[in-house]
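A short write-up of the structure that comes next.
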Amino acid sequence: MEWELPTTAPARTTTNRSTSARSAPGKPTRGGRVFAGGPAGLSFVEVILVVALLGILLVAAVPQLFVPDELDVELAARSVATDMELARRFAITRRANFVMTFSPAGGPYASYTLTTGGVAEPDFPKDLPLTVTVTGTASITFRPSGSTTAGATLTFSAGGETAQVTVLAATARVEISGP
């Protein structure tokens with residue numbers, strides 16, 4: 001198909017709305033429609049693809065918006081318990097005291113750190129989830145013998161859900177109870 005530049009606007013005799021547009025002077029035309037170098041809208045396939053992509057993003061985002069309190073409490077308790085077991089193992093293998101300290105002093109706690117000789121271990125301090133309230137023992141010292149200086153209990157709560165992490169003094173065994 002060859003493009004022509006009209007010298008005057010063509011007269012229209014039809015009343016069909018889809019072809020009643022007049023071409024602008026100096027603009028190329030195709031089938032009576034003004035053609036300015038690209039389509040004037042989105043095709044049906046493009047609209048379907050956009051809706052499908054938005055649907056996929058929505059499916060991925062919605063679960064993050066409605067995380068149950070039970071899951072937040074359980075994950076926070078398990079994370080701290082795992083780091084307590086790590087502190088015990090470090091104390092035994094490195095033959096040094098390791099101290100896990102929760103801050104701010106007096107609670108509720110927002111973060112915790114693991115130190116030996118006053119120096120924090122890599123990856124510490126760690127933040128606790130803002131949605132979970134953590135209270136209890138502020139500091140736990142793990143000895144090279146595999147014990148702690150005293151037993152400790154931390155309580156994790158959010159909404160109506162509660163979990164506890166308990167450290168036994170003699171063995172430094174870490175137990176989780178709760179959701």
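For this structure, a couple of remarks:
- Relative contact order of segment 62-179, defined on C-alpha pairs under 8 angstrom at six or more residues apart (%): 27 percent
- Cα centre as origin, Lys/Arg/Asp/Glu Cβ charges: segment 67-179 dipole, Debye: 700 debye
- Take 108-121, 77-90 and order them by the average number of nearby Cβ atoms within 10 Å per residue, most first; the result is 77-90, 108-121.
- Rounded, prolate or oblate (a/c below 1.5 giving rounded, otherwise prolate when a/b exceeds b/c) for segment 85-179 by Cα gyration tensor: oblate
- A protection proxy built from the mean count of other Cβ atoms within 10 Å ranks the segments 97-105, 134-142, most packed first, as 134-142, 97-105.
Any read-out appearing in this document is the output of simple, stated calculations on the displayed coordinates, not a laboratory observation. Worth saying up front: this structure is predicted, and the values here are computed from it rather than measured. Note: ideal-geometry Cβ built from the backbone for every residue, glycine included; neighbour counts use all protein chains shown.
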